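Below is one structure, written out as structure tokens; comments come after it.
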Amino acid sequence: MVVFAKVVEAKSFSEAARRLGQSKSMVSKAITQLEKSVGARLLNRTTRAMSVTEAGAVFYEHCARIIEELEQAKLAVGQLHTETRGLLRISASVAFGTLHIAPALPEFLARYPDVRIDMAIGDRIVDLADENFDVAVRISKEPAPNLVARKLAVVKRRICATPEYFERHGVPLKPEDLTRHNCLTYTHFNPQDAWRLRGPGGDISVPISGNLRLNDDEALSAAVLGGLGVALLPTFIIGGDLQARRLQAVLSDYVPSERHIHAVYLPNRHVPAKVRAFIDFLRERFSPHPYWDVD
């Protein structure tokens, strides 16, 4: 299973053999034995390329978890006294990284003074292995199967506008009322002019229209705060505005499908104390009920 995981991660028998310190023939033989054992082809091999089959992708996800548990067990026994120190490389999205990760770093560094941090903020999905990141904080429906993920919080989105906007245009009491409002669109989340919501009666799609489309949630929230219209925004951006009554949420029974904030890192390797400490710190700070969702 370790050999199979290394082949999937390296995308090459030769590179996996090099990382494992084995011959390519030994790696190939191990994969063949594993496929016989599970009764399914896990990898497609040609003279020029290798790819993971559907069964292989499913099997790898379980392998990664099992191997991670093994590594954690080894760490628990062999690294009880490992110090939390060294350079910690972090990747985080622009909005969440700026609003919630960066403000938390002074407290983390005060708690662990021997740690240094190098954080890259951007919405590009980085390759943790190739770009040498220790941990990434990502927002998604499901984490990538080739990574170990620890859930930090649920991402909630709320339909909202300023109280003044609703005074002028009326408060929508049912989803169909949104068709009469200036609905501002976040193009990455809603590429089509419709909001897909889950309500008491199940999933619905509400056609919307408005005079502004943006590819950035923070910019969109600024337009909403300016009284331009209604938007579907994440509470980790607008939580403070809702709490301060600068924004008003409506149609609370209708929400999009949930996404989650995860801290992810590579399996199959010793997890340094600095990584475990950082993830534990974030879980302590955000879970189980993040401060931006406090009424």
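A Cβ distance below 9 Å, combined with a sequence gap of six or more or placement on separate chains, defines the contacts here; from the range 1-28, residues that are at pLDDT 90 or above reach residues that are of a type in the set (S, T, Y) and in a loop (DSSP other than H, G, I, E, B) in the pairs A17/S23; R18/S12.
Tallying residues that are of a type in the set (K, R), open to solvent by 40 Å² or more (accessible area, probe 1.4 Å) and not in a loop (DSSP other than H, G, I, E, B) within the range 139-159 yields 3.
For residues that are open to solvent by less than 10 Å² (accessible area, probe 1.4 Å) and under 16 Å from the mean Cα position of the chain (by Cα), scanning just the range 280-289, find the one that is nearest to D134 (Cα to Cα).
L282
Hey, could you check the range 194-206 for residues that are surrounded by 13 or more Cβ atoms within 10 Å (Cβ to Cβ) and not β-branched (V, I, T) and say which is nearest to A161 (Cα to Cα)? Taking the candidates together, the pick is W195. Among the criteria (1) without any contact (Cβ under 8 Å) to a residue 60 or more places away in the chain; (2) more than 30 Å from F236 (Cβ to Cβ); (3) open to solvent by 20 Å² or more (accessible area, probe 1.4 Å), the one E83 does not fulfil is (1).
Looking at T32, T47, just one residue is in a helix (DSSP H, G or I) and among the polar types (S, T, N, Q), and that residue is T32.
Yes or no, residue by residue, for (1) over 22 Å from the mean Cα position of the chain (by Cα); (2) under 28 Å from A153 (Cβ atoms); (3) surrounded by 13 or more Cβ atoms within 10 Å (Cβ to Cβ):
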site	(1), (2), (3)
L20	yes, no, yes
K36	yes, no, no
A55	yes, no, yes
E68	no, yes, yes
E71	yes, yes, yes
L88	no, yes, yes
F96	no, yes, yes
N132	no, yes, no
V137	no, yes, yes
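A Cβ distance below 9 Å, combined with a sequence gap of six or more or placement on separate chains, defines the contacts here; from the range 166-186, residues that are closer than 15 Å to Y254 by Cα reach residues that are among the charged types (D, E, K, R) and not in a loop (DSSP other than H, G, I, E, B) in the pairs V171/D177; P172/R180. Residue check: S14 meets all listed conditions (1) in a helix (DSSP H, G or I); (2) open to solvent by 70 Å² or more (accessible area, probe 1.4 Å) but one, namely (2). For E107, the requirement of being among the acidic types (D, E) and either assigned to a loop (DSSP other than H, G, I, E, B) or in contact with a strand residue (DSSP E or B) (Cβ under 7 Å, 6 or more places away or on another chain) (or both) is not met. The residues of the range 252-279 that are buried (at least 17 other Cβ atoms within 10 Å of the Cβ), more than 23 Å from A144 (Cβ to Cβ) and in contact with a Gly (Cβ under 8 Å, 6 or more places away or on another chain) amount to a single one, Y254. In this entry, A277 passes the filter for residues that are in a helix (DSSP H, G or I), over 17 Å from the mean Cα position of the chain (by Cα) and within 30 Å of L70 (Cβ to Cβ). Every condition in (1) modelled with pLDDT of 95 or more; (2) open to solvent by less than 30 Å² (accessible area, probe 1.4 Å); (3) farther than 14 Å from V137 by Cα holds for L228 except the one numbered (2).
When the strands (runs of 3 or more DSSP E) confined to the range 165-234 are screened for residues that are closer than 29 Å to V94 by Cβ, among the aliphatic types (A, V, I, L, M) and within 22 Å of the chain's Cα centre (by Cα), those reaching at least 1 such residues are found at 194-199, 230-234.
Out of curiosity, is E131 among the charged types (D, E, K, R) and assigned to a loop (DSSP other than H, G, I, E, B)? Yes, satisfied. K151 meets all of the listed conditions (1) within 30 Å of V271 (Cα to Cα); (2) free of Cβ contacts under 8 Å to residues at least 12 places away in the same chain but one, namely (2).
Can we say A102 is within 19 Å of E284 (Cβ to Cβ) and open to solvent by 60 Å² or more (accessible area, probe 1.4 Å)?
No: the conditions fail for A102.
The values are calculated or read from the model by the stated rules, or taken from the named source; none is laboratory data. Computed from a prediction, not measured in an experiment: that's the story for all the values here. So basically every Cβ, Gly included, is an ideal-geometry build from the backbone, and we count neighbours across all protein chains shown. Only protein heavy atoms, including side chains, enter the accessible area calculation; ligands, DNA and RNA are left aside. Shrake-Rupley method; radii C 1.70, N 1.55, O 1.52, S 1.80 Å.
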